[in-house]
1. Within segment 136-158, how many residues are among the aliphatic types (A, V, I, L, M), surrounded by fewer than 16 Cβ atoms within 10 Å (Cβ to Cβ) and under 24 Å from Leu29 (Cβ atoms)?
2. Please find, within segment 98-115, the residue that is farthest from the ligand (Cβ to nearest atom) out of those that are out of contact with any Ser or Thr (no Cβ under 9 Å at 6 or more places or on another chain) and in a loop (DSSP other than H, G, I, E, B).
3. Across segment 196-213, what is the number of residues that are under 23 Å from the mean Cα position of the chain (by Cα), in contact (Cβ under 8 Å) with a residue 40 or more places away in the chain and farther than 14 Å from Arg53 by Cα?
4. Report, by residue number, each residue of segment 73-97 that is in contact (Cβ under 8 Å) with a residue 40 or more places away in the chain and assigned to a loop (DSSP other than H, G, I, E, B).
5. For residues in segment 82-92 being away from the ligand (no atom under 15 Å from the Cβ) and either surrounded by 14 or more Cβ atoms within 10 Å (Cβ to Cβ) or aromatic (Phe, Trp, Tyr) (or both), which is farthest from Pro50 (Cα to Cα)?
6. With the condition kept exactly as written, say whether any residue in segment 198-211 is farther than 30 Å from Asp94 by Cβ, touching a Ser or Thr at 6+ places or on another chain (Cβ under 6 Å) and either part of a loop (DSSP other than H, G, I, E, B) or within 16 Å of the ligand (Cβ to nearest atom) (or both).
7. Phe67 fails exactly one of the following numbered conditions: (1) surrounded by fewer than 21 Cβ atoms within 10 Å (Cβ to Cβ); (2) under 17 Å from the mean Cα position of the chain (by Cα); (3) more than 21 Å from Arg184 (Cβ to Cβ); (4) in contact (Cβ under 8 Å) with a residue 40 or more places away in the chain. What is the number of that condition?
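The values are calculated or read from the model by the stated rules, or taken from the named source; none is laboratory data. Quick caveat: nothing in here was measured; it's all calculated off a predicted structure. Here the Cβ positions follow ideal geometry from the backbone for every residue, glycine too, while neighbour counts run over all protein chains shown.
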Amino acid sequence: MLGLFGGTFDPVHFGHLRLAEEAISHLGLSSVRWIPAGQPPHRGTPQVTPQQRLAMVLRSTAKNDRFFVDSAEVDAERASYTVETLARLRRELDSTQPLVLLVGADAFAGLSTWHRWREIFSLAHIAVSHRPGFPVELASLPHELATEFADRHQLDAAALNVAPAGRIVTFAMTQLAISATQIRKLIASGKSARYLLPDPVLDYIQTHQLYKSP
Ligand code: ATP
């Protein structure tokens, strides 16, 4: 069972790394494929280039032999949508292999705004990790997403292994109230972001003078 973890990673931090690491043990994944976004459709232009965000993800994941990095979205000329990336992976991989899209609770709550979002359920499962400040509960989800969640939610992660796609599970990870926004703000105001993200990533940020302006 392969985990797929997309994000802006602007920059990658320990919240992301623990999410991927704990997903492997909670869900029984063989590995996690990290997929940094190219030009994210959901947000303004990030302060650093897609190649720099990719470089930071490569540095932070290099020593984990269950982490792999997929640069296709960064390499693409235009914005990539998750549904298209999943369709590409489906073409590349065995059609019966379960694929598990990993998302934090905040990202999941926005799922019904994603391009062709309902098709995602025919391509992959979704595993939602708890994140401080973002409860995973039906009442806080938009109606159409709450309906899908109610229909597809499974309590036991073992349910993911017996179908290629279409199920939703939640998992409790170590709660780390770290965000890339907070890290960018700290660096822009000259404060320390140390111990919120791996040292090699911080070194890269310093060498390339990233996030200096607010
Ligand atoms: P920003 O602050 O710039 O919005 P972010 O820290 O939320 O960034 P993203 O790259 O947008 O990071 O997130 C990628 C994925 O990681 C999303 O699914 C998000 O929910 C999840 N995620 C990010 N930080 C955490 C965290 N501290 N705990 C759990 N999940 C997280």
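1. So the count comes out to 2.
2. Among them, the one singled out is Pro98.
3. Summing the residues that are under 23 Å from the mean Cα position of the chain (by Cα), in contact (Cβ under 8 Å) with a residue 40 or more places away in the chain and farther than 14 Å from Arg53 by Cα in segment 196-213 gives 1.
4. Arg78, Ala79, Ser80, Tyr81, Leu93, Ser95, Thr96, Gln97 - these are the residues of segment 73-97 that are in contact (Cβ under 8 Å) with a residue 40 or more places away in the chain and assigned to a loop (DSSP other than H, G, I, E, B).
5. Just the residues of segment 82-92 that are away from the ligand (no atom under 15 Å from the Cβ), to begin with: 83-84, 87-92.
Retained after the next criterion (residues that are either surrounded by 14 or more Cβ atoms within 10 Å (Cβ to Cβ) or aromatic (Phe, Trp, Tyr) (or both)): 83-84, 87-90.
Details: Val83: 19, Glu84: 18, Ala87: 22, Arg88: 20, Leu89: 20, Arg90: 24 Å.
Residue satisfying both the conditions and the ranking: Arg90.
6. Residues of segment 198-211 farther than 30 Å from Asp94 by Cβ: 198-211.
If we keep only those that are touching a Ser or Thr at 6+ places or on another chain (Cβ under 6 Å) as well, we get 198, 201.
Cutting the leftovers down to either part of a loop (DSSP other than H, G, I, E, B) or within 16 Å of the ligand (Cβ to nearest atom) (or both) gives us 198, 201.
Yes; the residues of segment 198-211 include at least one that is farther than 30 Å from Asp94 by Cβ, touching a Ser or Thr at 6+ places or on another chain (Cβ under 6 Å) and either part of a loop (DSSP other than H, G, I, E, B) or within 16 Å of the ligand (Cβ to nearest atom) (or both).
7. So the condition that Phe67 fails would be (1).
Yes/no per residue for (1) over 25 Å from Phe171 (Cβ atoms); (2) modelled with pLDDT of 95 or more:
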position: Gly6; (1), (2): no, yes
position: His16; (1), (2): no, yes
position: His26; (1), (2): no, yes
position: Gln39; (1), (2): yes, no
position: Val83; (1), (2): no, yes
position: Arg88; (1), (2): yes, yes
position: Asp94; (1), (2): no, no
position: Pro98; (1), (2): no, yes
position: Gly104; (1), (2): no, yes
